[in-house]
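Next up is a structure, given as structure tokens.
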Amino acid sequence: MDSIALWFASTLGQYVSKEVVIFIISMIPILELRGGLLVAWSLGVPILKAIPICIIGNIIPIPFILLFIKKIFQLLKKVQFFEKIIGKLENRAMKKSDNIKKYEFWGLVLFVGIPLPGTGAWTGSLIAALLEVDFKKAVLAELLGIILATIIVSFVSYGLLGSIVG
């Protein structure tokens, strides 16, 4: 993930400001806020400036995923090329849904908030949509998860990495 985020930073950084780079990275699946904060640290963006930019960037896709992903998947499944891809995405997401099913709201908070591979707001939104979690409940859980992820990743990137590298 780090190399992908840094590639985006170096490529986009030629055309837009550091802040726009971390905003865009925070909106991209897989990279999300975690990648945005790591890139912000590597670009020397102050933490208090980076956090709101990354949080807003990570939040923007959530309502669209929650509201539209099932309909988009239904349409794409009608095209043979996409049918298998969508099936794999759904199966992959549902394999990770056990804790969300079991602990509901807090399961979704922890799924989004604990920075492990394959977790985050995009996958959390997909799972919440597939499980038909109430929209308001899902948005609130994901917002809390993003805040938790912000605390953890800020500590790692600006705290631990900053003290080791800086």
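The values are calculated or read from the model by the stated rules, or taken from the named source; none is laboratory data. All of these numbers come straight from a predicted model, not from anything done at the bench. For neighbour counting, all protein chains shown are included, and Cβ atoms are generated from backbone atoms with ideal geometry for every residue, glycine included. Side chains included, ligands, DNA and RNA excluded: accessible areas come from the protein's heavy atoms. Shrake-Rupley method; radii C 1.70, N 1.55, O 1.52, S 1.80 Å.
Using only Cα atoms, tell me the angle between helix 2-12 and the longest principal axis of the chain; keep it within 0 to 90° and round to the nearest 10.
So the inclination is approximately 70 degrees.
Want the number for Tyr103 to Lys84: 0.36 nm per residue separation, take away the alpha-carbon distance, what's left?
3.9 nm
For the stretch 1-144, with only Lys/Arg (+1) and Asp/Glu (-1) charged at the beta-carbon, what is the dipole magnitude about the Cα centre, in debye rounded to 20? Could you put the intermediate results ahead of the total?
On the way: 16 positive and 10 negative charges, 77 e Å.
Computed charge dipole of the stretch 1-144: roughly 360 debye.
Sticking with this one: How far, in nm, would the chain grow between Tyr15 and Leu67 when pulled straight, counting 0.36 nm per residue and subtracting the alpha carbon separation?
15.5 nm
Run the accessible area of the chain with a 1.4 Å probe and give the carbon-and-sulfur part as a rounded percent.
C and S atoms contribute 70 percent here.
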